[in-house]
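Presented below is the structure to which this report refers.
The values are calculated or read from the model by the stated rules, or taken from the named source; none is laboratory data. What you see is a predicted model; the values in this text were computed from it and never measured. Virtual Cβ from ideal backbone geometry, glycine too; neighbours counted across all protein chains shown. Accessible surface is based on the protein model in full, side chains and every heavy atom, while ligands, DNA and RNA are left aside. Shrake-Rupley method; radii C 1.70, N 1.55, O 1.52, S 1.80 Å.
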Amino acid sequence: MRRHYIDNLRWLILLILIPYHTAMAWNTWGEPNYIFFEGSRAISSIVVFFSPFFMPILFVLAGMSTKLALGKRTGREYLIERVRKLIVPLVFGTIVLMPVMTYIADRFNYSYKGGFLEHYAVFFTKYTDLTGADGGFSFGQFWFLLYLFVVSAVCLGLIKLLKKSSKNRQERYLFGRLSLWEFLCRCSANCCR
């Protein structure tokens, strides 16, 4: 059954991320950005205030969604769905949208004089710090999709390993109600045998 509060929290956070990322153009700590204006403490405080909350909340919501999804899908179906929902947008965003953003950054921050098509080649050949603020290759804001896919795949493997290692139905029943700490302890205990 779909949990609408998870979807509502997710879209609300994603909407707030728009002014959050926009505020990065005025950051006072000198972090590179696609476009940078004179630093503003008032605007930077938006970033400072929300930074500790956004990504942890989004990862928790992804975990809750994963638990619900694995209740209805096999591991294989889940992984195929993750590729479709995470890797396809990651590849599209990296190939189509990020070159535009890094082109703007290169023109704004480093006075790049070449055209966009020339820069498109630069994007795929210049590897620096992966921020994209220097015009080089970057996943940009799509990094979250990459991380989420890796975490999903690793956790799916751990869940399969834990389910295989459980010896009776009681342990399988308890698996769905373990805390993260208990889960990690069981995994390490099973691996050390």
Open item on the list: Give me the percent relative contact order of the range 78-165, please, defined on Cα pairs under 8 angstrom at least 6 residues apart.
Closed with: 33
TODO: For the range 60-66, take each phi angle, set θ = phi - 60°, evaluate the Karplus expression 6.51 cos²θ - 1.76 cosθ + 1.60, and give the result in whole Hz per residue in order, putting x for glycine and proline.
DONE: 5, 4, 5, x, 5, 5, 5
Open item on the list: Is the C-alpha gyration tensor of the range 1-155 telling us rounded, prolate or oblate? Criteria: a/c under 1.5 is rounded; beyond that, a/b larger than b/c is prolate, otherwise oblate.
Closed with: oblate
Open item on the list: Per residue, how large is the accessible surface of the range 1-61? Use a 1.4 angstrom probe and give square angstrom.
Closed with: 67
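What do you get for Rg/Rh over the range 14-88 if you use C-alpha atoms and the Kirkwood form of Rh?
Here the Rg-to-Rh quotient is 1.18.
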Open item on the list: List the lysines whose Cα sits under 21 Å from the Cα of Lys126, skipping any in the same chain fewer than 8 residues away.
Closed with: Lys113
Task: Proximal aspartates and glutamates to Lys163, defined as alpha-carbon separation beneath 13 angstrom and excluding residues fewer than eight positions away on the same chain - done: Glu171
Task: Carbon/sulfur fraction of accessible area - the range 1-46, other protein chains in place, 1.4 Å, % - done: 67
- [ ] Might you report the magnitude of the Cβ-based charge dipole of the range 21-83 about its Cα centre, with Lys and Arg at +1 and Asp and Glu at -1, to the nearest 20 debye?
- [x] 420
